[in-house]
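The values are calculated or read from the model by the stated rules, or taken from the named source; none is laboratory data. As the structure is a computational prediction, the values presented were derived from the model and not from experiment. Reconstructed Cβ throughout: ideal geometry from the backbone, glycine too, with neighbour counts over all protein chains shown.
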Amino acid sequence: MSRRLAKLAISLVTCVVAIPAASPSTATPSTSRGLISVAQVMQMLEKAPTDRTAQQVLAAYLAGVGEAAGAVVSMGNATCRTSLRVNAGSVRQALKAAAAGQDTAETPATPLIVKDMLDRAGCKRQ
């Protein structure tokens with residue numbers, strides 16, 4: 001992925017709103033900078049199979065991330081070999097791999113997910 005696409009992806013992160021807590025008393029907090037953390041997304045991934053609110057929050061978040069990734073491709077004049085895709089399994093795998101050894105409560109999730117989507121789709125700047 002080109003440097004320009006990476007910068008655009010990071011810029012778009014600020015456009016995605018924080019995950020509302022499915023259960024405020026037990027929700028994982030955002031990063032100290034107010035970004036959605038890997039820990040938050042992993043918590044929603046764990047809760048989603050049995051918690052309808054978590055399912056809705058996760059679906060809304062992933063839809064927003066998907067739209068951000070689409071904007072990165074469009075605004076960055078990029079082409080992709082395949083269409084952009086996002087689902088719980090790919091997100092879980094990407095976050096586990098990218099955040100290994102890092103403080104997941106302070107690691108922003110959105111740039112990692114967008115980068116994974118762009119990489120898997122084979123996106124390149126024209």
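Brief remarks on what is shown
- Scanning segment 100-126 for residues that are small (G, A, S) and touching a strand residue (DSSP E or B) at 6+ places or on another chain (Cβ under 9 Å) turns up A105, A109, G122.
- Which numbered condition G122 fails, given (1) under 17 Å from A39 (Cα atoms); (2) among the small types (G, A, S); (3) at pLDDT 95 or above: (1)
- A Cβ distance below 6 Å, combined with a sequence gap of six or more or placement on separate chains, defines the contacts here; from segment 44-56, residues that are closer than 12 Å to R92 by Cα reach residues that are among the aliphatic types (A, V, I, L, M) in the pairs M44/A54; M44/V57; M44/L58; L45/A88.
- Boolean, S90 is surrounded by fewer than 12 Cβ atoms within 10 Å (Cβ to Cβ) and either within 18 Å of P111 (Cα to Cα) or under 18 Å from the mean Cα position of the chain (by Cα) (or both): no
- When residues of segment 25-67 are limited to those that are among the polar types (S, T, N, Q) and assigned to a loop (DSSP other than H, G, I, E, B), the one modelled with the lowest pLDDT: S25
- Per this entry, L84 is not counted among residues that are modelled with pLDDT of 90 or more, in contact with a Pro (Cβ under 7 Å, 6 or more places away or on another chain), surrounded by 15 or more Cβ atoms within 10 Å (Cβ to Cβ) and assigned to a loop (DSSP other than H, G, I, E, B).
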